[in-house]
1. If you go through region 25-62 one residue at a time, how many are in contact with a His (Cβ under 8 Å, 6 or more places away or on another chain) and modelled with pLDDT of 95 or more?
2. When the residues of region 73-101 are filtered to those that are in contact with a Ser or Thr (Cβ under 8 Å, 6 or more places away or on another chain), touching a residue at least 40 places away in the same chain (Cβ under 8 Å) and part of a helix (DSSP H, G or I), which remaining residue is nearest to Lys45 (Cα to Cα)?
3. If you scan region 110-127, which residues turn out to be within 22 Å of Gly91 (Cβ to Cβ) and open to solvent by 20 Å² or more (accessible area, probe 1.4 Å)?
4. Give just the number: which of (1) within 18 Å of Phe203 (Cα to Cα); (2) open to solvent by 30 Å² or more (accessible area, probe 1.4 Å) does Thr61 not satisfy?
5. Restricting the first residue to region 102-122 and requiring it to be modelled with pLDDT under 95 and assigned to a strand (DSSP E or B), which pairs with a second residue that is among the hydrophobic types (A, V, I, L, M, F, W, C) and open to solvent by 10 Å² or more (accessible area, probe 1.4 Å) meet a Cβ separation below 6 Å and a spacing of at least six or different chains?
6. Keeping to region 96-113, report how many residues are more than 19 Å from Val181 (Cα to Cα), of a type in the set (S, T, N, Q) and within 20 Å of the chain's Cα centre (by Cα).
7. Answer yes or no: is there a residue in region 228-236 that is part of a strand (DSSP E or B) and either modelled with pLDDT under 90 or more than 30 Å from Glu133 (Cβ to Cβ) (or both).
8. Tell me yes or no: at least one residue of region 170-182 is part of a strand (DSSP E or B) and either open to solvent by 70 Å² or more (accessible area, probe 1.4 Å) or at pLDDT 80 or above (or both).
Amino acid sequence: MIEDINRLFLNQMQENQFRHPDVSKEDVDICDIEYKTNSLGYRDKEFDGKSDILALGCSMTYGQGLPQENIWIDVLSKKLNISFSNLASQGDSTIGQIIKAFYYFQKFGNPKIVVALFPCFRIPTPQVKGKMESVNNFRQKQFKDNNYMPKIEYTEIDDNRFIKYSKAPYDPADIISEDFVFFYEKIFIDMLRQYCKSNGIKFFWTVWDRGYQTKFYNKINTFYTDHHKEYCYMKEFDWKIPNTEEFDRFLEFNALDCHNEYRQDELFYRAADRLGPYWTHWGTHKHMHIAKNFYEHIISSLN
């Protein structure tokens, strides 16, 4: 066990906790998208501690499949006329992003505003040979080739994979429930909220998963209203997309009669990452509305 713990700390807490590998999947984009990253692997300029906003999130905030200027945090910063740093990492979790935020605070100081577009029901779990392993072939190969304990970003879309009986090696997706993940997401959000409050930082956040607002938001408010104290409700996440399955939340087409002048853009409805086996990310239109909602929420809160 000590050897496993040693590998975990050497590879995750020190080397990789603040660094994100360049896995931008340029080969699955339908058009040329420039993914220019800084020396720490984030899709941003070099961090210097002078930015007013720190953005947190996963691939939605990283801007997978979109040019830099179309990402919601870039649009938002222009609306507010202030600078930003983008800490988003593809496939990252709420917990992972908050951990990285504290490393950012320690290394570069505090921003004036933290704004987050969190994923939902993801938790970082270590892969330990013979104990906790993913069925994902890529992660298994990563463990074998590098002989270290890679992090598994576990995501549970529904309860279909949750099983009653299991044996080692355990796949996190088989044995970890949404309830468990939400519990720790809440703890970390509370921790970030308290840090921001104690250090005069304005904190605003939301969750991009449409199912969160339709299934959990109102119910959570009935017994824990403080959890959504800084939450920015995104009404666009409740769009009902015609002719698509309920779980096809990445296949976003326009459901509002607006921004007609941009509809000829091939990235208006969906991002460029359409050639691979993964769901495509949101196009420019959804990012416009995310920036607009955050802008109105921030301005209202500051006045």
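The values are calculated or read from the model by the stated rules, or taken from the named source; none is laboratory data. Everything numeric in this text was worked out from a predicted model, so none of it was measured. Don't worry about glycine lacking a Cβ; one is built from the backbone with ideal geometry, like all the others, and counts go over all protein chains shown. Note: areas computed on protein heavy atoms with side chains; ligands, DNA, RNA excluded. Shrake-Rupley method; radii C 1.70, N 1.55, O 1.52, S 1.80 Å.
1. 0
2. Here the answer is Ile73.
3. Selection gives Arg122, Pro124, Pro126.
4. (2)
5. none
6. So the answer is 0.
7. yes
8. Yes, that holds for at least one residue.
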